[in-house]
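The values are calculated or read from the model by the stated rules, or taken from the named source; none is laboratory data. No experiment lies behind these values; they were computed from the predicted model shown. Positions of Cβ are generated from backbone atoms using ideal geometry, with glycine treated the same way; all protein chains shown enter the neighbour counts. Ligands, DNA and RNA are excluded from the accessible area calculation, which covers all protein heavy atoms including side chains. Shrake-Rupley method; radii C 1.70, N 1.55, O 1.52, S 1.80 Å.
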Amino acid sequence: MEGVTDQNLARLARAYDVATGFTDWRGEHRAVSPGTLVAVLAALGVEGSSPAAVRHELDRLDAENRTRLLPPVVVCRTGGVPAETFTARMTTRTDEIWIPVNADAPTEVMVELDPHLGGSVALRPETPVVAWGHDPSRSRLTRVFRLPAETPLGWHRIQVEQGGRRESAALLVTPAALTPPDHRAWGFMAQLYSLRSRGSWGLGDLRDLTELAEWSARELGAGFVLVNPLHAGEPVSPISPSPYLPMSRRFTSPLYVRVEDVPGYAELDPADRELISALAAPLKARDRTLQELDRDAVWAGKRPALELLYDRAVRRPQAAYDAYRAREGAALTSFATWCALAEELGADWRHWPAELHDADGPAVAAQRDRLARRVDFHSWLQWLLDEQLAAAQRGARAAGMPIGVVHDLAVGVHPGGADAWTYQRLFAPGMTVGAPPDEFNQRGQGWGQPPWHPGRLAAEAYAPLRGQLEYALRHAGGLRLDHAMQVSRLWWVPEGQSPDEGTYVGYHRSTILSVLTYEAHRAGALIVGEDLGTVEPEVRIDLAERNILGTSLLWFERDEKGEPRRPEKWRPLSLATVGTHDMPPVTGHLHGDHVELRERLGLLTRPPATELADHHRQLSEWLRLLHELDLLTHEPAEILQSIDDRAQDDGGDGGVDARSRRREMERDVVAALHGFLARTPALLLGVSLADAVGERRTQNQPGTSDEYPNWRVPLADSQGRPVLVEDVIADPQVRATVAALREGLGAKAE
């Protein structure tokens with residue numbers, strides 16, 4: 001790095017939307033090291049390791065910006081402001097649609113409509129405007145064309161010809177915004193794998209989801225149920241427990257299939273059904289224990305059962321299966337091929353023979369032919385899951401849910417998985433996604449996921465992302481975006497570096513949000529973005545402009561004075577919850593379990609006493625506000641004293657009476673917090689099942705892997721007893737928590 005001109009390097013980085021500095025969670029500016037900038041630029045295919053290389057890249061980029069006619073994707077939003085072209089934003093009347101074309105004097109401009117609709121349209125040039133490129137010292141004349149109002153929503157092509165040069169780009173015509181829910185709704189939030197039942201095989205499954213949705217809708221008036229990502233994992237052991245590190249974001253994990261609901265199961269002969277029952281028995285026995293969830297054991301039982309059903313029912317019902325395969329096309333074939341190869345070679349394509357690294361190469365095609373039956377088996381599994389996902393959403397809506405199932409889209413994928421194999425050229429090499437240090441994760445986070453390459457993804461008109469969104473929304477009333485920053489920027493960390501040695505890399509936010517808006521509009525679904533942490537203010541503005549809901553987390557909601565935000569001051573366009581799966585449930589949070597856990601795991605950067613004092617201060621502030629709003633039955637001082645007494649007793653019970661009194665106060669706080677949520681104007685209110693049943697343990701401790709049983713914690717109550725779906729339905733504490741919330745909703749409605 002010696003001799004690199006920092007000013008030019010910074011200019012080059014900014015040209016590719018790579019941050020040269022950022023504001024951390026304390027509000028302090030942090031400069032990004034030159035080494036990080038060079039590494040990130042290299043991952044983008046840009047050479048920045050010497051002054052000459054930097055100058056060459058700047059000259060090349062300047063020439064490209066001066067001659068390029070179209071951006072990779074043109075977006076027109078009906079009824080609103082057009083999306084950005086390069087870095088220009090032009091205002092227009094809300095009843096007009098415009099297409100900006102980056103050309104001095106185009107001689108011909110045509111729009112090729114969707115081939116299913118047919119035809120093309122000539123456009124009329126309007127008043128030229130100036131659009132700025134990456135270098136503010138230069139401007140380019142940009143003509144603006146009005147797209148006919150009758151142009152249908154969807155994907156088209158735009159073509160420009162000037163002086164013998166022709167360019168085309170994808171054109172997306174999308175609604176300016178989604179239609180928000182017409183009334184407020186509440187729903188349970190569940191880590192589905194942890195919610196078992198008397199019929200599940202060691203993990204919660206799609207039948208359990210259906211039963212939870214139907215019961216909560218009919219008995220409690222729930223409007224939705226939100227679940228963790230159900231993305232596909234490894235087809236062989238060891239299976240990663242994290243739902244946020246999938247092998248594919250498009251397809252679903254067969255761990256969630258209910259075997260007894262597979263077509264053909266009822267027609268099996270007694271011997272086959274007895275064999276399947278024998279496979280299920282030890283897994284069902286585990287459901288009544290608090291043993292860590294074992295995905296490998298579950299798959300070791302389900303896989304032979306499903307293979308037996310495949311052998312018996314492979315021709316039933318063939319028409320529906322064939323239609324599914326035709327609809328999913330090459331994406332399904334590639335995923336199923338990866339699964340079949342992974343069964344033989346391991347679930348990380350980076351360790352396969354070199355000739356199999358190319359998913360579209362002849363060696364893979366030959367292996368696909370050889371493994372045709374296994375490829376078909378894995379395709380059939382995805383069809384089963386699609387059918388059961390559809391049944392869950394149908395059941396939820398039939399039971400009265402206006403929204404139904406809300407699925408979760410992880411921020412990325414495993415670098416050795418199916419998506420990374422199929423789309424490997426669209427990922428940035430040598431990088432992993434993570435997060436800079438923040439208040440809750442003071443050492444930063446590295447998630448081990450490769451980031452999309454912004455330019456290459458745009459050049460593909462976001463096709464893989466579109467496919468993932470379409471699949472996730474097909475049988476859903478909504479979609480939650482984990483780490484909503486994925487639409488705008490991600491924290492890239494060079495492999496081998498610590499998380500605090502990364503930087504932010506920007507994406508084409510307006511275009512990605514438009515893609516998201518269009519897919520959600522097609523599905524008639526809502527979108528919730530997890531816009532927590534160090535989110536750019538303009539991201540929240542853009543989300544709200546499109547009626548995409550944000551996330552309001554009670555423990556993090558504080559006003560400009562640092563005090564708990566009063567309910568009437570919360571934003572309406574959001575999903576309001578008390579906590580998140582990365583924090584202890586309410587009962588554990590009350591006792592400061594998160595501080596003790598992070599101390600034990602070496603994750604604190606401040607002394608434990610300081611952390612606990614800060615926690616007690618914030619907790620007491622929230623308890624005082626709850627009491628002021630007449631939501632608490634007990635006095636805040638009494639609750640805090642009970643917590644202190646237990647801590648001084650080294651976690652002991654302090655006697656039966658003290659234990660009973662403490663649990664009564666814990667339930668009081670849980671109900672009060674959810675009553676508080678109901679007093680906010682938030683459109684959606686989420687109730688964690690873990691909070692509702694009194695669970696203390698967190699599902700995931702960021703910054704750890706095997707040090708803590710992340711994503712392997714079965715649902716339990718405050719006394720450490722397993723909680724099944726049937727127990728949730730009968731639990732008076734669950735109903736009491738929901739009653740407090742529903743009472744608040746009723747009070748707001750009157």
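Pairwise inverse Cα distances across segment 652-750, averaged and inverted, put the Kirkwood hydrodynamic radius at 15.1 Å.
Across segment 361-456, Cα-Cα pairs more than 24 Å apart make up 54 percent of the total.
Where does the charge balance sit around LEU268 when Lys and Arg score +1, Asp and Glu -1, over other residues with C-beta under 11 Å from its C-beta? Walk me through the intermediate numbers first.
Numbers: positive: ARG273, ARG312; negative: GLU260, GLU267, ASP269, ASP272, GLU274, ASP311.
So the environment of LEU268 carries a net charge of -4.
Taking Cα atoms only, the orientation of helix 732-749 departs from the longest principal axis of the chain by about 50 degrees. Based on the reciprocal of the average 1/r between different C-alpha atoms, the Kirkwood radius for segment 210-348 equals 17.2 Å.
Other residues whose C-beta falls under 13 angstrom from the C-beta of VAL734 contribute a net charge of -4, scoring Lys and Arg +1 and Asp and Glu -1. Computed over the Cα atoms of segment 297-424, pair by distinct pair, the Kirkwood hydrodynamic radius stands at 16.4 angstrom. Rg and Dmax over the alpha-carbon atoms of segment 426-472 stand at 13.9, 37 Å.
Viscosity 0.890 mPa s, temperature 25 °C: what is the translational diffusion coefficient of segment 393-504 from Stokes-Einstein with a Kirkwood Rh over Cα pairs, rounded to a whole number of µm²/s? Write out the running numbers ahead of the final one.
On the way: Rh = 15.6 Å.
My calculation gives 157 µm²/s for D.
Rounded to the nearest 5, the antiparallel percentage of DSSP beta bridges internal to the chain is 60%.
Treating only the Cβ of Lys, Arg, Asp and Glu as charged (+1, +1, -1, -1), what charge dipole size does the chain show about its Cα centre? Round to the nearest 20 debye. List each step's numbers first, then the result.
Numbers: 82 positive and 105 negative charges, 320 e Å.
For the chain, the charge dipole is close to 1540 debye.
Note on surface exposure: LEU172, LEU275 rank LEU275, LEU172 by accessible area, highest first, 1.4 Å probe. Between the Cα long axis of helix 51-67 and the first principal axis of the chain there is an angle of about 70°, rounded to the nearest 10.
In this label model, ARG624 and PHE556 are separated by 2.5 nm, measuring between points 7 Å along each Cα→Cβ vector.
Each residue, GLU599 and ASP182, gets one label point 7 Å from its Cα in the Cβ direction; the gap between the two is 5.4 nm.
Note: relative contact order over segment 485-532, using C-alpha pairs below 8 Å and six or more positions apart, is 32 percent.
In the chain, the longest principal axis of the Cα atoms and the axis of helix 656-679 are about 30 degrees apart.
Inter-label distance, ARG198 to ALA613: 5.4 nm, where each label sits 7 Å from its Cα along the C-beta direction.
One chain, two ends: ALA372 and VAL121. Fully extended at 0.36 nm per residue, the span grows by 85.9 nm beyond their Cα-Cα distance.
Computed on the chain, with alpha-carbon pairs under 8 angstrom and 6+ residues apart, the relative contact order is 14 percent. Excluding same-chain neighbours fewer than eight residues apart, the aspartates and glutamates reachable from LYS569 by a Cα-Cα span under 12 Å are GLU557, ASP559, GLU560.
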